[in-house]
Amino acid sequence: FDPRHYLGTHCYGFPKTGPHRLRFLLESVKDLRETLKKKGSTLVVRKGKPEDVVHDLITQLGCVGVVVFHEEVREI
């Protein structure tokens, strides 16, 4: 979870993620984690700037061949 997603938007200052959306996200992540556990896997969830969190995970794991990500589309 990137803390910047809970700040105001660039143009109008409205929250990007309000309390209802946050609850939905948390419930969805919890459900995904439980589903993966039932299949013998897991889900890594972290809070922080993705550029820092991903770097730390790669360092922690030590052997990472590929990292895939998407960039948020911003309206002008």
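General remarks:
- Helix-only [θ]222 nm of the chain, DSSP H runs n ≥ 4, -39500 (n - 2.57) each, per residue, nearest 500: -14000 deg cm²/dmol
- Degrees between helix 50-61 axis and first principal axis of the chain (Cα, 0 to 90, nearest 10): 10
- Number of Lys pairs (Cα under 16 Å; 8 or more positions apart or on different chains) in the chain: 4
- Folded to 0 to 90 degrees: helix 19-38 orientation relative to the chain principal axis, Cα: 10
- Whole-percent carbon and sulfur share, accessible surface of the chain, 1.4 Å: 59
- 1.4 Å probe accessible area per residue over the chain, in Å²: 94
- Scoring 66-73, 45-52 by mean Cβ neighbours within 10 Å over their residues and listing the highest first yields 45-52, 66-73.
- If the segment from Val53 to Leu25 were pulled out straight at 0.36 nm per residue, it would be longer than the present Cα-Cα gap by 8.2 nm.
- Prolate/oblate/rounded label for region 3-61 (Cα gyration tensor, a/c 1.5): oblate
- Residue by residue, region 39-47 carries 3J(HN,Hα) couplings of 9, x, 10, 8, 9, 8, 10, 9, 10 Hz when phi is fed to the Karplus relation 6.51 cos²θ - 1.76 cosθ + 1.60 (θ = phi - 60°); x denotes Gly or Pro.
- Gain upon complete extension [Lys38, Glu71; 0.36 nm per residue less C-alpha separation]: 8.8 nm
The values are calculated or read from the model by the stated rules, or taken from the named source; none is laboratory data. Remember, predicted model here, so these are calculated numbers, not experimental data. Glycine also receives a Cβ, built like all others from the backbone with ideal geometry; neighbour counts cover every protein chain displayed. Keep in mind that these areas ignore ligands, DNA and RNA; they rest on the heavy atoms of the full protein, side chains included. Shrake-Rupley method; radii C 1.70, N 1.55, O 1.52, S 1.80 Å.
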